[in-house]
Every structure is written in C-alpha cells, then in structure tokens.
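The values are calculated or read from the model by the stated rules, or taken from the named source; none is laboratory data. Not measured: the values here are computed from a predicted model. Note: ideal-geometry Cβ built from the backbone for every residue, glycine included; neighbour counts use all protein chains shown. Accessible surface areas use protein heavy atoms only, side chains included; no ligands, DNA or RNA. Shrake-Rupley method; radii C 1.70, N 1.55, O 1.52, S 1.80 Å.
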Amino acid sequence: MAGDGSKSSEVSAIPPRKINVQKFVESRASELETLHSIVSDRLNNDFRSRRNKRRRTTAYDNQNAKKRDKRRRKFGIAIDRSNNVAAEQNQERLPPRRVRRRVELRRNSKSGFSTSSEGTKRLRTYLWHSKRFTMTKLWGFHLPLGLQGRGRGSRASLKWYKHGALVHDASYYTAVQLEGPEDSLSSILRMVLEPSSSTQSEEITNTILSGCIYGTAMLHHVGAPVSELIAPVTYMWRPYHLPNGENGGSHCNSDGCNDSTSSESFSSHRQLWVLIHASAFNEGYDALKFACQKLMSESGILINCISLEGELAKLEVMGSKAFQLLQKILHPVYCRDSKNSWQLRKCAVEDADHDSKLKNPSILENEENMSSCSMFPFTVRDPRAMSETKIGDVSVAAATTMNYVSEDEPRKDVTPLGNPEKIEDLLWQPCSKPEGDSSFSNKGDLWDAACRISLPVEDNVLCLEKHRLRMDFVCLDDAKSGMPSTAVDVHGSRSCPIVLLKHNNGMGSFMGWSIIMPLCWVKVFWISFISKGARAIGLREKRWIACEVGLPFFPSDFPDCNPYLSSKAIESAAIDQKAERLCPAVRSLKVPVPPPWNSVRIAVQVASSSHAKDMIGGNSMSIFRCDHSDITSLRVDGNSFDGIVARTSNMLADFMNEIYGDCSLLFPQAPNWKMKFLESINDESKLGQLQNGIMRMNSNRQLCFVRVLLHAYKKGVFEEGAVVCAPCLSDVSLLTSRSENNETGFQIPTSVVRSYFKEQSSGKWELQIPENSAAEESHRWPIGFVTTGYVRGSKKPMAEAFCEAVLLADLREEQWNGIPVKKRRKEIYVLVRNLRSSAYRLAMASVILEQHQDDMEFL
C-alpha cells in the first residue's frame, strides 16, 4: 500500500499536458473578481488610456507614395495602379545592397574569405568588428586597428590584461604545410630558418620533432645571408601519436611521444606546419617552395608544399584569466585511453550533491604543469552546447548564442522531468557518438590538408533544440514551432579539431595561448569567448600588450625585414596626406619615417677614429668625440636598414669575439657568462687594455644591432622613432646628480632640432654634422632608434629600441672605467631624445640577450 501511495503522489506532482482555460477561469472566478475590483478602485472605474499616453501613428498615410505619384504626374507619366501591382508581383525584385551584403557576411562557407569589391579579404569576424572597432586595410585584409576613438585606452587595455582575459582574431596568419620524409623536411628547415636545428640542443630538437612543442625562428631566403630576413615564423611538426594517411592510421602506445618504436614507424612520412604573417606570406611561401624544389632536384624525393590559406583560423587569448576562460569553453571529446589510444568515448560525468558537470581531461587541469611552447592537438565539443544543468534551469533564455549564463552564477538544483532517454540523447549530441569500437578517424583531423572539415550546426537548429528541451521539461507541446518531438538528423558537426599552443616569454610576464582551428568554426568560438567575458582587442591594443611584457611586435619591431619598410612607407604616406590638409602655420615638425638607420654608421666612424688616436697618442678623451676636421668628412645618408640583428646568444657572441676577442663587455648568455660578468664588473683595473684595437678601428665593418629595453632614469616619455645617443661621462654625472641646477636637464638648441635630420631631394634623410662650436658641444651621436614607445598607463613604463652592439660595449667600457666599482651597474646609460623635442633624457638600457638565451618570441 505504501508503494501505491508513493506512485500516486508522484503522478499527482506531474503537471498536466494541457490546460482547459474555461474550467481554469470557473475554478478561480472569485479570485479574478477580487483582482478586478481592486484594479477598478485604483482607476475609479475608468479603464480608458490617458490622453498624454496616447500616440498617433501615420501608418495609414503613405507620404512617400504620394510624393512619388506627384512627381510622376509632374513629368506626365501615366499611373495605372492595377498594372503596377501586378508587375511588381510577377517581377523578382533584387534585394537592396544592405541586405545582400549582410547575407554574404553571415554566410559560413567551409573555406576561403569573403572579399570586397577591390579584392580585400574580410575576416570571418569582420561583421562583429566593424560595429565596434576602427577598421583599416592592411596586408590584403580588413583588420581591426583598435577600439573606436582617438587611439587612447591603453590604461584600460593593460587593466584587462592583468585582471581579465583578452582575445584577438589572428586569422590573417597563414599556414604552409610541408609533406615528405622527416630527414628531407629537416634539411629544408636548415636551409631557410635561423637559428637552425643544428644549433639547438639535442633534447630540444627531439622534443620539437616529436610534436610536443613548437619552435620559433627567422625565415630567410635560400643561400641568402642572415641580413636578408623575411619574417619570424612558428613551425610545428605533426605529433607522432596522431594517425597519418601514409601509415594506415596506426597509433602509439600509452607512453606517448617517448616511445621509440612509434617514432620509427612515423619517421618515414611526416607533416610540418609553418605559420607566416600576412605581410610576409607571399615572400615566405615563395622561399619555402624554392627550397622544396631545390631539394627535390638534388635528391629526387617528392616533397609537397601546400598553402593552407583560407583553411585555418587562429585566435589568440591572453591575460591572467586566459586559462580559466579556456577551461570554460574547451571541453575535449577525444580522451587518451591506455587500451585503445584516441578511442572515442563519452565525456565523463561526475555526480556530486545532485549537481552534474562535465569533467575535463588532464589536458586543461593545471596550467603550472604545462611547459612553455607546448602544443596540444585534440578535439573539443561545440561550445554552444547546453549542459545538463542549463537544461534544468528553465528561467534561462537561450534564443541566441549571446544569451549564455556564466558558469559562476548559482543555478537551481532541478532534475529534468520527462523521458530520460530523450534528454540523454540530446545532452550527448555535441559529443559525436562512437561507431562500434572504431578508433579515431582522420576524416576530421586538422592536420590533413585534403580533408573537408564539417561545418558547425547552425544557430537556429541549436535554438530549436534548446527550446524543445525546455518545453519537454515543463511537459508542454509547442504546436506553433512545427518541429516534431522526436530527434531529427541535422547537417553539421558538433565537435571541432583544434591545436592549442601555450606561449611564454621566459620571464613569466606574458600569459597567452593560441588556438588553431578550421576557419568555418572561428565565429562559433569567437562569440563564446566574448559571451564568457573576454575583451576583444585590435592591432593597436595587441602592440601595447607586447610592449608591456617586453616582447617584439611584428612588423614594427623587426627593422631588418621588408614588411617593416612597407608598413613605415604606408605610415609615412598617411602622415604626409594628413599634413597636406593643414595650413603650413599649424603643421607639426616633419620627422623621418622610418628612422635613418644608416646614420648609426657615423657614430661607428667617430668611435673608430677615436680608437685610432688612442692607440697612437694615448688620448684619454671620450671615444665619441673627435676633431671638427674629422667630423666634416663623415657623410652617410639613406633610410634603409644597414646591418644585422643578433637574436641569439651564439650569434652575438661570435660577432663580438671577432671585434674584442675574449674581452667583450657584452655578456650574452653562455655556460660561463655569469662568471665573466662578475669578474669584469668587480675588476678595479682599467678595462679594454687587451682588446683587439685593429678591428675596433675598422669603420667599414658590418653593423650588428641588439634589442634593448629602455627605462627612464628619473623622468621622460620615449616616443616611437626617438633617437638613442651615446652620452659622455659628464652627461651621466650631470643627469644623475641631485643638485638643483639639474632641473633644466641637458638640451640642444631649438634651431638644431629642425636640422638634426634633413630631408634630401631624393626623399632620404641625412644626419647633419654640426658646423659651429655651440651646436657641436651639445651634439651626441646616434647609436640606435626606438621602435616602440612608452605605453601610457603602465606602472613600469619601458620602450623597445635597437642599438649597435659594439657601440654599447664601448659605452659600458667608458662608464665602468670612469665610475667606482661599487657604483657600476649592469644597465648601460644612454641618452634618448624625441625627434620633436630638444631635451635629452637619461635612460638605462638592458640588453635582452644578456637576460635570455635567444630573442625569438614575438607577438
């Protein structure tokens, strides 16, 4: 009897399927009459709408049609309304351009970008960005330059980065896929990449070859010197444990990438991706194709070089909350199993306190256990899929993908009622169901260039499914929807293969991730990231973040690459065009864009002349001072970058050994670099006595630049394009003293500001040699230029610059010889002057290669 009573109580608790309105009103008649009486008393039985609340409409009066008829009568055109209506019904009207354009932008094809009338490509997120960002045409794309406004907002962007998450659509990067034997592909990389794998340690090389981490290097032409670089690239090998089309889809065991047998079975045919920036893609793709053709002609081995343009997309997520955001959105489908590797199974569900939630595999459990430059290829389910807890919460409105509820908000503990099998099937629709006991199929593998990735399920289908689940929960039939209660087959995939990359600059100040996915899925993940709280940024905000964490930004911080000159030429043309619209009286001072890098050679010639006099007559004057007769004979013009940039410690050490031998005062990271640095900084004797003076006197040597970080000693804001000059010891003592006379600082005459760099008739800029004693006294020779200026709002502002390595070593030698041992610093004192200012600011330059093994990371 007890059992019968419990069953009857459960049945009574279930709401009826349909409600009879007439019976409902009759049973609640007394309550309705009471409510009506209360309302009528408040309104004094006057249920008419107030006169001040009434609004007249003009829908009955078509003024546009009347004006059109009057215009036709004016020109004597007869009007027959019956014939016009019939003609309009029979003739198919072309939709307006606004409608056609919106349909085109919302179309989600499997590959390729939509283009504008002039051929400029649009990102898949173009429609979202164009409503919120200032768009610009760069590198053949319509790209978001930055948030709308005057270009400010750096303080807010840095705050979002430190306390939240930022997302950037970097789909303008294009991948080039190389297919062939592993030895042949390694030979191609050695031909076009610097540093090559031969200069790296064996452990790092094997880890990159196994596909566990990715590598970064500089791409150059085949057989070209290091000075002719193309762009920085990211390259990654297809992991050993992923199936390959050539080996029948075999798998490695649970030991992972360290299994020797699996490595041997996959080493015959490998795949390699090289990610290239859009500004250098054509040049880089041609260099890779030429390297493949050269190797094929020499060895006869077939190597495929395929461009994946329009096939892949790249999203960059950065910030302190980036990993937590990835945990909310990326729910892996394919979990690693010890018995059947990469076998498809349902995502694990754990029940705790009647609250079920998806349990992520160990891939995204702990960020600290993930090493830098790690690479994780796996498949994730559609982020728009609604979990079981959201189905139970009937108050959530999920009509669009923008109406998600944060997972941090509390939800009701409600168990959905109805058919449990039906709800379970709908719950696990995002996770592709296993087909028997088959293993992972490479039809949806992101690495297979020939595969056709399935499109995601359309938004309206997902909305109908969510609506049906909610209607089933309240036990109601939706007769208006016309959708059957049973599940229907829909076209599209509910899982997406991705490759997750972890970025780290070595100092721990940059926290970023990259997600490589099919191009047709980028809008799905973009809306999910935005709805979960990520802030979208453009190119301007991305450069601010790069400067804040001390990373170079391509192409602005790569003066030895052609895209740098191209971007500066576009910037210079825009500045000139803007200046032409102003009257000459209010135009600002024109400055060289790009900076005249060749003017640094004059400082090298001055230092070489001073070294020659030191060796002949023992002159103790500053090495950056020479006679007026020697200065007038030094002339160098041109804006092109003349020299190389050392981005590895080995490269800088080899160059400095040719100049100084073993007595260099620049200390790139090496096995014994700390010991050499401590010995030099604590040496009380005069430095530079045993150095190679003959090489230092050679003014025609090749220039070698290194990237440095500039911090103002006391005050000062360094702008992009500012000149970095070599100070004298008197300048350092003057600007570091605490006397009241130091408030004015060190300046050059105002008349010299306009004539420091002079534009020639050919369009090039030339460094002007001072001709009078007053200008010569305040003149300081340039040793480099600032490529990225201060970011306003930063708590530790710094600028990025490139300075000549030998001149920096000479400055350190001069300053350490003139300063007591206890006051010597690792940083080098330099002078920085904005090109429109007359004031020199003292700054401390930190050489990147003295802090890190290489300088290959970039944004």
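Among the residues that make up the stretch 682-691, is at least one of them open to solvent by 30 Å² or more (accessible area, probe 1.4 Å), at pLDDT below 75, more than 18 Å from Glu827 (Cβ to Cβ) and touching a His at 6+ places or on another chain (Cβ under 9 Å)?
no
Criterion first (touching a Pro at 6+ places or on another chain (Cβ under 9 Å) and open to solvent by less than 10 Å² (accessible area, probe 1.4 Å)) does Leu767 satisfy it? Break it down into steps so the answer makes sense when it comes.
On the way: touching a Pro at 6+ places or on another chain (Cβ under 9 Å): yes; open to solvent by less than 10 Å² (accessible area, probe 1.4 Å): yes.
Yes.
May I ask you to list pairs of residues, at least six apart or on different chains, whose Cβ atoms are under 7 Å apart, with the first in the stretch 534-553 being free of Cβ contacts under 8 Å to residues at least 12 places away in the same chain and the second being in a strand (DSSP E or B) and crowded, with 19+ Cβ neighbours inside 10 Å?
Matching pairs, first to second residue: none at all.
Quick check: is even one residue across the stretch 718-727 modelled with pLDDT under 85 and open to solvent by 70 Å² or more (accessible area, probe 1.4 Å)? It would help to see each step written out before you state the result.
Quick first cut of the stretch 718-727, residues modelled with pLDDT under 85 only: none.
Among the residues of the stretch 718-727, not one is modelled with pLDDT under 85 and open to solvent by 70 Å² or more (accessible area, probe 1.4 Å), which makes the answer no.
Give the residues of the stretch 835-859 that are farther than 24 Å from Leu735 by Cβ and of a type in the set (Asp, Glu), sorted by residue number.
Once the filter is applied, which keeps residues that are farther than 24 Å from Leu735 by Cβ and of a type in the set (Asp, Glu), the stretch 835-859 yields Asp854, Asp855, Glu857.
Which residue is surrounded by the fewest Cβ atoms within 10 Å (Cβ to Cβ), if the candidates are limited to the stretch 122-146 and must be touching a Lys or Arg at 6+ places or on another chain (Cβ under 7 Å) and closer than 12 Å to Arg540 by Cα?
Leu145
Within the group Gly533, Gly538, Gly550, which residue is open to solvent by 40 Å² or more (accessible area, probe 1.4 Å) and under 30 Å from Gly164 (Cβ atoms)?
On the way: Gly538 fails: open to solvent by 40 Å² or more (accessible area, probe 1.4 Å); Gly550 fails: open to solvent by 40 Å² or more (accessible area, probe 1.4 Å).
The conditions single out Gly533.
Of the numbered conditions (1) open to solvent by 10 Å² or more (accessible area, probe 1.4 Å); (2) under 26 Å from Ser680 (Cα atoms), Gly793 fails exactly one; give the number of that condition.
(2)
Give the stretch 453-476 a look and list any residue that's part of a loop (DSSP other than H, G, I, E, B), surrounded by 12 or more Cβ atoms within 10 Å (Cβ to Cβ) and either on the phi < 0 side of the Ramachandran plot or modelled with pLDDT under 65 (or both), or say none.
At the first step, the residues of the stretch 453-476 found to be part of a loop (DSSP other than H, G, I, E, B) are 453-455, 457-458, 474-476.
Going one step further and asking which of them are surrounded by 12 or more Cβ atoms within 10 Å (Cβ to Cβ), we end up with 453-455, 457-458, 475-476.
Ile453, Ser454, Leu455, Val457, Glu458, Leu476, listed by residue number.
To keep it simple, each residue is scored yes or no on (1) part of a helix (DSSP H, G or I); (2) modelled with pLDDT under 70; (3) out of contact with any His (no Cβ under 9 Å at 6 or more places or on another chain); (4) among the aromatic types (Phe, Trp, Tyr).
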position	(1), (2), (3), (4)
Gly3	yes, yes, yes, no
Ser12	yes, yes, yes, no
Val25	yes, no, yes, no
Thr34	yes, no, yes, no
Ile38	yes, no, yes, no
Asp41	yes, no, yes, no
Asp46	no, no, yes, no
Ser49	no, no, yes, no
Thr58	no, yes, yes, no
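Scan Lys314, Lys294, Lys321 and give me the residue that is within 16 Å of Tyr235 (Cα to Cα) and either open to solvent by 20 Å² or more (accessible area, probe 1.4 Å) or modelled with pLDDT under 90 (or both).
Working: Lys294 fails: within 16 Å of Tyr235 (Cα to Cα); Lys321 fails: within 16 Å of Tyr235 (Cα to Cα).
Just one listed residue meets the conditions, Lys314.
If only one of Thr744, Thr750 is exposed (fewer than 14 other Cβ atoms within 10 Å of the Cβ), β-branched (Val, Ile, Thr) and at pLDDT 75 or above, which one is it? Please lay out each step first, then the result.
Values: Thr744 fails: at pLDDT 75 or above.
Residue meeting the stated conditions: Thr750.
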